[in-house]
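**Student:** The structure is given below, and queries will be raised subsequently.
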């Protein structure tokens with residue numbers, strides 16, 4: 001009798017867990033493939049990392065990545081014309097005599113427009129300094145022109161952690177961390193360059209502010225009235241490292257003094273290698289970042305409805321996910337806002353479950369819904385790239401590490417909530 005009672009109790013617990021999982025799954029707004037794909041491995045590229053994704057209006061899917069071993073890394077692009085079912089062999093973007101740098105958040109950028117495909121990254125040549133480089137394809141990614149430098153300084157100093165974006169009018173902006181200006185010890189300056197001729201040339205480099213955290217990638221976004229937003233993690237007195245934003249209303253010629261997005265008060269005498277994500281949509285500016293300030297670690301999400309002058313109180317968008325980091329925001333053509341980041345599943349009994357990628361929908365009020373984990377093919381998923389597209393399509397890529405090998409994984413999803 002006692003054994004029967006134990007069996008019944010075990011069944012009840014198991015059924016309760018099953019129903020809980022079913023209930024959790026039923027509320028998920030996104031449906032993803034059950035198994036991600038190692039795209040570059042399938043097209044005979046043994047090592048790949050730091051992916052970026054873009055999608056053309058015709059449906060061509062672009063996947064950019066750093067390929068090869070550390071001393072021979074090149075930037076390559078592969079294209080799919082069937083929604084990601086198959087990909088073409090990768091095409092080189094960076095030059096053969098240079099080595100692409102890719103560590104931490106210091107990865108490449110990719111933007112596709114109706115007229116061109118653009119890429120920006122950090123590289124070095126033998127015996128030379130690191131530079132921020134740019135290449136364009138006016139043949140929709142089927143051939144890239146010779147890369148050109150974005151940085152214009154004469155004396156070598158650090159430049160890296162760049163982000164490239166294209167404004168609604170077609171102007172190309174690149175922001176990065178630069179060591180040419182003296183600021184507080186252990187910090188860099190934030191710099192910007194702009195192209196008004198589809199990337200044929202770039203303007204003289206312009207400093208935005210000093211005192212930037214030296215390995216937290218800055219970000220850029222554009223408002224509906226021509227605003228240019230730049231955000232970064234700034235180092236304040238006593239080691240406080242909080243997120244700030246500066247706004248330009250004259251197409252990047254001048255910027256407002258940086259203002260804090262939130263008063264996290266995160267004191268850290270080191271660099272967390274964690275920059276902000278930013279996106280503008282639906283008359284709002286969304287900003288996501290990681291912080292351990294005020295005794296609570298997590299991905300923060302704050303929203304501005306007045307063009308960056310003020311932000312809502314930040315919410316913990318990562319919910320109960322453990323060790324969340326490296327957020328990415330993406331907005332579809334029809335205004336859907338998604339957030340992706342890496343972390344460990346806080347609902348698992350093993351608090352040190354493998355790091356995986358999570359995606360959360362941001363509703364119209366600016367609230368982050370419960371994040372859902374994407375499937376892992378192996379272990380240890382890092383640095384997600386996110387694309388929220390029209391018709392409810394979602395593409396997520398990341399770097400997955402197994403032993404000493406790194407591979408880009410791609411997972412596709414669809415919005416099923418509507």
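Please treat every number below as a calculation from the coordinates, not as lab data. Since the structure is predicted, the reported quantities are computational estimates derived from the model, not experimental observations. Virtual Cβ from ideal backbone geometry, glycine too; neighbours counted across all protein chains shown.
**Student:** Could you check which residue among 252, 199, 403 shows the biggest mean-square fluctuation in a GNM of the chain with a 10 Å Cα cutoff?
**Tutor:** So, out of 252, 199, 403, the one fluctuating most is 403.
**Student:** Please compute the volume of the convex hull spanned by the alpha-carbon atoms of region 348-408 and report it per residue in Å³.
**Tutor:** Details: hull volume 6.5 nm³, N = 61.
Hull volume normalised by residue count: 107 Å³.
**Student:** Also, I was wondering about something else. Using Cβ contacts closer than 10 Å as the measure, can you line up 196, 254 from fewest to most? Don't jump to the answer; show the numbers that get you there.
**Tutor:** Details: 196 15, 254 12.
By the 10 Å Cβ count, ascending: 254, 196.
**Student:** Tell me the Kirkwood hydrodynamic radius of region 149-224 in angstroms, computed as one over the mean inverse distance between distinct C-alpha pairs. Before the final figure, lay out each step's value.
**Tutor:** Numbers: mean 1/r = 0.0780 Å⁻¹.
By the Kirkwood definition, the hydrodynamic radius is 12.8 Å.
**Student:** Give me the angle, in degrees from 0 to 90, between the Cα long axis of helix 2-26 and the longest principal axis of the Cα atoms of the chain, rounded to the nearest 10.
**Tutor:** Helix 2-26 sits at roughly 30 degrees to that axis.
**Student:** Taking 0.36 nm per residue of separation and subtracting the Cα-Cα distance, what length does fully extending residue 253 through residue 365 add?
**Tutor:** Details: separation 112, 0.36 × 112 = 40.32 nm, distance 3.25 nm.
Between residue 253 and residue 365, full extension yields 37.1 nm more.
**Student:** Dividing the convex hull volume of the alpha carbon atoms of region 278-343 by its residue count, what do you get in Å³ per residue?
**Tutor:** 79
**Student:** Given N residues in region 91-247, what is its alpha carbon radius of gyration divided by 2.2 N^0.38 Å?
**Tutor:** Values: Rg = 15.4 Å, N = 157, 2.2 N^0.38 = 15.0 Å.
So the Cα radius of gyration is 1.03 times the expected 2.2 N^0.38 Å.
**Student:** Counting each pair of different Cα atoms once, what's the Kirkwood radius of region 46-169 in Å, rounded to one decimal?
**Tutor:** Numbers: mean 1/r = 0.0677 Å⁻¹.
Every distinct Cα pair counted, the radius reaches 14.8 Å.
**Student:** Using the Kirkwood radius over C-alpha pairs as Rh, can you work out the diffusion coefficient of region 251-301 via Stokes-Einstein at 20 °C, viscosity 1.002 mPa s, in µm² per second? Walk me through the intermediate numbers first.
**Tutor:** Values: Rh = 13.0 Å.
Estimated via Stokes-Einstein, D reaches 164 µm²/s.
**Student:** Taking the Cα centre of each part, how many Å lie between region 210-275 and region 49-109?
**Tutor:** Region 210-275 and region 49-109 have Cα centres separated by 28 Å.
**Student:** Turning to a different aspect of this structure: Decide, for the chain, between rounded, prolate and oblate: order the square roots of the alpha carbon gyration tensor eigenvalues as a ≥ b ≥ c, take rounded if a/c falls under 1.5, and otherwise choose prolate if a/b is larger than b/c, else oblate.
**Tutor:** Details: a/c = 1.67, a/b = 1.36, b/c = 1.23.
Cα axes put the chain in the prolate bin.
**Student:** Can you give the calculated 222 nm mean residue ellipticity of the chain, where each DSSP H run of n ≥ 4 adds -39,500 (n - 2.57) and the sum is split over every residue, rounded to the nearest 500 deg cm²/dmol? Display every interim value, and only then the final one.
**Tutor:** Details: 2 runs with 29 residues, N = 418.
The helix-only estimate for the chain comes to -2500 deg cm²/dmol at 222 nm.
**Student:** Given points 7 Å out from each Cα along the Cα-Cβ axis, report the residue 390 to residue 270 separation in nanometres with one decimal.
**Tutor:** In this crude label model, residue 390 to residue 270 measures out at 4.7 nm.
**Student:** Per q in 0.13, 0.18, 0.21 1/Å, what log10 I(q)/I(0) does a Debye calculation on the alpha-carbon atoms of region 230-359 return?
**Tutor:** One equal scatterer on each Cα of region 230-359 leads to -0.56, -1.02, -1.28.
**Student:** Can you tell me what percent of all Cα-Cα pairs in region 312-418 are more than 20 Å apart?
**Tutor:** 38
**Student:** What is the packing order of peptides 146-152, 232-238, 407-413, taking the mean over residues of other C-beta atoms within 10 Å and listing the highest first?
**Tutor:** Values: 146-152: 17.0, 232-238: 19.0, 407-413: 24.0.
The most tightly packed comes first, giving 407-413, 232-238, 146-152.
**Student:** Can you tell me what the convex hull of the Cα atoms of region 187-265 projects to on average, as an area in nm²?
**Tutor:** Values: hull surface 23.2 nm².
Projected area, direction-averaged: 5.8 nm².
**Student:** To continue, here is another question. Over region 160-319, one equal point on each Cα, no solvent: what is log10 I(q)/I(0) by the Debye formula at q = 0.11, 0.13, 0.19, 0.21 Å⁻¹?
**Tutor:** Rounded to two decimals, the profile gives -0.40, -0.57, -1.19, -1.41.
**Student:** Ok, one more. Express the Stokes-Einstein translational diffusion coefficient of region 118-183 in µm² s⁻¹, to the nearest whole number, given a Kirkwood radius over alpha-carbon pairs, 25 °C and a viscosity of 0.890 mPa s. Before the final figure, lay out the partial values.
**Tutor:** Working: Rh = 13.1 Å.
For the chosen part, D equals 188 µm²/s.
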